[in-house]
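**Student:** Before we start, here is the structure in question, set down as structure tokens.
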Amino acid sequence: MKIKSHVPKGNKTDSWSNAEADFDNGNDSLVIFGNPVMESWEKPYMKKLADTACLKGGKVLEVGFGLGIASSFIQQNAITEHHIIEANQDVFKKLQDFSKLSKVKVFGYQGLWQEVINKFEENSFDGILYDTYPINEKELHIHQFNFIKTAYKLLKPNGVLTYCNFTSWGNLRKEYKDDYEMFEKTQSDKLTEIGFSKIKLHQVQVNPPESCNYYQFKTILAPEIIK
């Protein structure tokens, strides 16, 4: 079977916030500018990311709302505050609806993370989950590292960071023998350079359908990264 992979092309950062978000089949998938941003089969993985971000309890930051899957799982944990950044205006409306029914108070921020991150103080979060879409081909494999540099400053000592880049890893994974080699060769050194040294990897079983254009493997890693 030929492994599918998706490369985002032609999207401009300054137009992403106003782009129409298409929630297919009710809330089964999210498409923006024709790009598959998120699909509901990711649930088992989103649960692991959410639970990891909440390991320390307290105040949690989530970057990228998407279909709200991880957000729902975060709400099931023993945390005190749930902060969410979302760039797209249509998705942000979904976030607002979600916040009205949330158990733990949700603080929503519309905009790219670069535009709103200065609202937060250093050493203020117990956990952070980063899961945004690479808006264009240039950002495909690297956008998470720009944020992680900031995340290091935002985390309290002993705070936990977790993240993923489905679209990037769906492309990279076919070049390596397994998830662990892919992570070691493409992620670990950059995390160490930023200042993280305690990295634990959890392999999660997933079952993407053949129709999925951005990920075609049966496992993916959820990193647990401690400051």
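**Student:** Which number in (1) crowded, with 20+ Cβ neighbours inside 10 Å; (2) touching a Gly at 6+ places or on another chain (Cβ under 7 Å) marks the one condition that Ser168 misses?
**Tutor:** (2)
**Student:** Does Lys185 qualify as being within 15 Å of Leu129 (Cα to Cα), over 19 Å from the mean Cα position of the chain (by Cα) and not in a loop (DSSP other than H, G, I, E, B)?
**Tutor:** no
**Student:** Also, quick follow-up: Residues in region 27-45: is at least one part of a helix (DSSP H, G or I), without any contact (Cβ under 8 Å) to a residue 40 or more places away in the chain and within 17 Å of the chain's Cα centre (by Cα)?
**Tutor:** Looking through region 27-45, at least one residue is part of a helix (DSSP H, G or I), without any contact (Cβ under 8 Å) to a residue 40 or more places away in the chain and within 17 Å of the chain's Cα centre (by Cα).
**Student:** Can you tell me which residue is nearest to Lys105 (Cα to Cα) among those in region 29-59 that are at pLDDT below 95 and of a type in the set (Val, Ile, Thr)?
**Tutor:** Selected residue: Val37.
**Student:** Here's another thing I want to ask about it. State all residues of region 94-133 that are in a strand (DSSP E or B) and among the hydrophobic types (A, V, I, L, M, F, W, C); if no residue qualifies, say none.
**Tutor:** Val106, Phe107, Phe125, Ile128, Leu129, listed by residue number.
Residue by residue, here is whether (1) closer than 17 Å to Lys48 by Cβ; (2) among the polar types (S, T, N, Q); (3) surrounded by fewer than 19 Cβ atoms within 10 Å (Cβ to Cβ) holds:
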residue: Tyr176; (1), (2), (3): no, no, yes
residue: Thr186; (1), (2), (3): no, yes, yes
residue: Phe196; (1), (2), (3): no, no, no
residue: Ile220; (1), (2), (3): yes, no, no
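**Student:** Could we say that Asp126 is at negative phi, in contact with a Cys (Cβ under 6 Å, 6 or more places away or on another chain) and of a type in the set (Asp, Glu) here?
**Tutor:** Judged against the criteria, Asp126 is not a match.
**Student:** If you check Val91 against the conditions, is it in a loop (DSSP other than H, G, I, E, B) and of a type in the set (Val, Ile, Thr)?
**Tutor:** No: the conditions fail for Val91.
**Student:** Something else about it: Within region 51-67, which residues are more than 13 Å from Ile225 (Cα to Cα) and either crowded, with 23+ Cβ neighbours inside 10 Å or under 12 Å from the mean Cα position of the chain (by Cα) (or both)?
**Tutor:** Result: Val60, Leu61, Glu62, Val63, Gly64, Phe65, Gly66, Leu67.
The values are calculated or read from the model by the stated rules, or taken from the named source; none is laboratory data. Treat the numbers as computed from the prediction; the structure is a model and nothing was measured. Here the Cβ is made from the backbone with ideal geometry for all residues, glycine too, and neighbour counts use every protein chain on show.
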